[in-house]
Amino acid sequence: MRVDIISIFPEYFAPLDVSLMGKARDRGILDIRLHQLRDWTRDIHKTVDDTPYGGGPGMVMKPDIWGEAIDAVVAQGQPEGDVSVLPRMIVPTPSGRPFTQEVALDYAREPWLLFTPARYEGIDSRVMAEYGSRLRVDEVSIGDYVLAGGEAAVLVIVEAVGRLLPGVLGNACSVSDDSFAPGAMANLLEGPVYTKPPVWRGHEVPEILLSGHHGKIARWRRDEAFRRTLDKRPELLARLDSGTLDAHDRRVLEELERKASGDAFRAGPEDMAN
Ligand code: JD8
């Protein structure tokens, strides 16, 4: 997969040199190219922003600079100038559609991604309109909180997509076990994990995990995934595909929900606060 990133802070992406993404690049699975947006400015101050039309706080990134940069980077990526080869353009923005595991799986099928992380108040909206008529443009958000720019979001998206590419994850851990991934554990949070020593500061590892009984261990892990999901992300249980639940799953869920509602009922007003 080819990944182009245009930013005024290309140094922000040094983390993509290490660990899993670094290895994926060494193996040629990921071909990440960083571009300094200011390279397409023409003035002595390398200006990329200006005041917002209609007034208001902050500055907006200029369309002409982004246009020059995107055109050049797309042309660089087109083999022998084959203009039919086009990237999927991804614009991080707090007003974008949620980035999810499902979107990550979708992006992982793409041969070429172009990221345009912005700063200031964002990019002049005509840029997304201009390229929306020529490329597939996705405005995405990584969560309901406000960052100072799009670079951190690109790091998150590239790692979430990169680890899904064939050959990146060792065969030890497969992405099919991922939370949120399609399959048996879809929309269930990961359960607790343990390793040696069997007792640490008086804390013991759950006996079942030392039993070697793989069926019972798988059952316990699924029950713990239900417990944690009900506790931390109950809205995800509503998304569970009932077709993936067996009779035991239903009993466990009913028991957990009965207990949780019981706890909620017993909880006094002071408890409801937290
Ligand atoms: C891109 C500029 C900062 C945003 C004024 C603060 C994503 N989940 C997310 N939260 N924030 C972003 C994000 C923030 C960005 C830019 C993404 C470019 N900013 C702006 C509007 C309000 N400042 C994001 N993905």
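Data overview
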{"read-out": "Pro94 being near the ligand (Cβ under 9 Å from one of its atoms) and either open to solvent by 50 Å² or more (accessible area, probe 1.4 Å) or closer than 22 Å to Leu37 by Cα (or both)", "value": "yes"}
{"read-out": "Check on Ile142, β-branched (Val, Ile, Thr), near the ligand (Cβ under 9 Å from one of its atoms), under 21 Å from the mean Cα position of the chain (by Cα) and crowded, with 18+ Cβ neighbours inside 10 Å", "value": "yes"}
{"read-out": "Glu121 outside any loop (DSSP other than H, G, I, E, B), of a type outside the set (A, V, I, L, M) and either at pLDDT below 95 or open to solvent by 30 Å² or more (accessible area, probe 1.4 Å) (or both)", "value": "no"}
{"read-out": "Pick from the stretch 237-247, criterion part of a helix (DSSP H, G or I) and at pLDDT below 90, ranking: most open to solvent (accessible area, probe 1.4 Å)", "value": "Ala238"}
{"read-out": "Residue list for the stretch 97-118, restricted to those being open to solvent by less than 40 Å² (accessible area, probe 1.4 Å) and within 13 Å of the ligand (Cβ to nearest atom)", "value": "Phe99, Val103, Phe115, Thr116, Pro117, Ala118"}
{"read-out": "Every residue from the stretch 56-91 that is free of Cβ contacts under 8 Å to residues at least 60 places away in the same chain, among the aliphatic types (A, V, I, L, M) and either within 16 Å of the ligand (Cβ to nearest atom) or part of a strand (DSSP E or B) (or both)", "value": "Ile65, Met89, Val91"}
{"read-out": "Verdict on Pro15 being in contact (Cβ under 8 Å) with a residue 24 or more places away in the chain and surrounded by 15 or more Cβ atoms within 10 Å (Cβ to Cβ)", "value": "no"}
{"read-out": "Number of positions in the stretch 251-262 that are open to solvent by 100 Å² or more (accessible area, probe 1.4 Å) and farther than 18 Å from Lys232 by Cβ", "value": "3"}
{"read-out": "Filtered residues of the stretch 120-147 (kept if in contact with a Gly (Cβ under 6 Å, 6 or more places away or on another chain) and under 20 Å from Val3 (Cα atoms))", "value": "Glu139, Val140, Ser141"}
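The values are calculated or read from the model by the stated rules, or taken from the named source; none is laboratory data. Treat the numbers as computed from the prediction; the structure is a model and nothing was measured. Don't worry about glycine lacking a Cβ; one is built from the backbone with ideal geometry, like all the others, and counts go over all protein chains shown. Side chains are part of the model used for accessible areas, which takes the heavy atoms of the whole protein and leaves out ligands, DNA and RNA. Shrake-Rupley method; radii C 1.70, N 1.55, O 1.52, S 1.80 Å.
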